[in-house]
Amino acid sequence: MNSNHNHLALLFISTLFFNVTAYAERIKDIATIEGVRPNQLVGYGLVVGLVMTGDKTAFTGQTLRSMIGRFGLTLPPGQNPNAKNIAAVAIQADLPAFAKSGQAIDVTVSSIGDAKSLRGGTLLMSPLKGADGQVYAVAQGSLIVNGLSASGKDGSNITVNNPSVGRIPNGATVERTVSTPFSKGNSLTLNLNTSDFTTANRMAEAINNFLGADTAKPIDATSVSVRSPLDAGQKVSFVSIVENIVVAPDDAPARIIVNSRTGTVVINGKVRVQPAAVSHGSLTVAISENKQVSQPGALSNGTTATTNKSNVQISEEKNRMFVFNPGVSLDEIVQAVNNVGASPSDLVAILEALKSAGALRAELMVI
C-alpha cells in the first residue's frame, strides 16, 4: 500500500447497551398482547379518469366489460373496451385490531398492468378480502400519487418517484369486524418483540411487584402470562396499567454485524476480545512498461526496432501490530483498528481471523 493510498473511513456504530440500570422501557414499547394484531386485506379494482396513461392489457378490458354488465349494459359479443383512461390495480390495506364497522382505513393502490401513471385517477368501488376470503372492507376514492412521469415524441422520458402507486387516505370503509381473544378468559399473554429469557423474567417480576405476587408468570423467552379481570371494561383499565409499567430490558447478546456491500460495521457494547496479537500490513506490486526505439548504425544494414523495457517495483507497507488485552472494551477495539488505518475489508478480515482464533467473544454476522 503506497503512501498516496487514502484509507477508507471505518464506520462504527455502538449500540447503547452498556448498563442495565442506565435505561428502562415501558412494557407497551417492548411487548404486544397476543391476538391483538392487524389483518392484511387485498382486493382488485379499476382506476378510471386517467389522461391517456392507462393500460392496454386484456384483463383490464374484461374487468370493465364485467362491471358494465352489472349495470345492465351489454357490449357486442367478443368486444372488450380498450380505453387508455382506465387501469387495473391491486388494492392493499391493513385492518387494525378492534376496527369496527363504519370506520375508515387507508388503502394503497398499485398498477398491475402497463399503465404509465395513476395520477388523477379515481378508484371505483372494490371489495377488500382477508385470508379467509371474506369481505372486510370496501374501497373507493381519488388517488394521491407522488410520482410523476413525462415523455416526448422523440422517445425521451423522465420519471420522478413511482407514478404507478398511489394512496387513498381513509379510502376504505370497514364492513366486518374481526374477533379477538382479548375479551375472553381471565388471562392475557404478553409477547416480547425480541425474545430474551432475562427480559421476560424481569417483566414478570416488574408486574408482580406493581400488582401483587403471582399476577404474572414467564412462559418462555418470548411470552409472559398475566392474570386479568373477566369483565371487559375492567380488563381495558388493567391493560392500561400493565402496559405503562417500566421494565429494564437485558442487554443484547455480543454481536458484530458486517455489511459486505457498504463496508459498514456495527459493534454493540457487549463485544469482548480475549488476549490476541494482530499484525496488519499490505504488499503492493507495480509493473510499468516503457517502449524504447533502437536505431541501427549509419553504415549497417539493420532496421529500426521498438523494444519494451519493464520496470517492476515491489513495496511493502511496514507491518503494524497491536495487542488486545484480556476483555478489552468496544472503545479499545475501535481505537486499535483505527490506529492501523484498516479499511472496511481489512477490518472484516481481522474480525474473521479473531473469531477463528477463538479470541472474539461475539457472534459475527455478515449480511
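Some observations on this one:
- Cα shape, segment 63-143, gyration tensor, a/c 1.5 rule: prolate
- Mean Cβ neighbour count within 10 Å, used as a protection proxy, ranking 50-56, 35-41, 232-238 highest first: 50-56, 35-41, 232-238
- Extended-chain gain in nm, criterion 0.36 nm per residue less alpha-carbon gap, ALA232 and ALA357: 39.2 nm
- Label-point separation in nm, ARG176 to SER101, each point 7 Å along Cα→Cβ: 1.2
- Near GLN62: Cβ cut-off under 15 Å, other residues only, Lys/Arg at +1 and Asp/Glu at -1. The net charge is +2.
- Mean Cβ neighbour count within 10 Å, used as a protection proxy, ranking 183-195, 63-75, 246-258 highest first: 246-258, 183-195, 63-75
- Chain lengthening between ASN193 and ARG255 when straightened (0.36 nm per residue, less Cα-Cα): 20.5 nm
Read-outs: derived from the displayed coordinates by stated rules, not from any lab. What you are looking at is a predicted structure, and each value in this text was computed from that prediction instead of being measured. Heads up, the Cβs are rebuilt from the backbone with ideal geometry, glycines too, and the neighbour counts pull from every protein chain shown.
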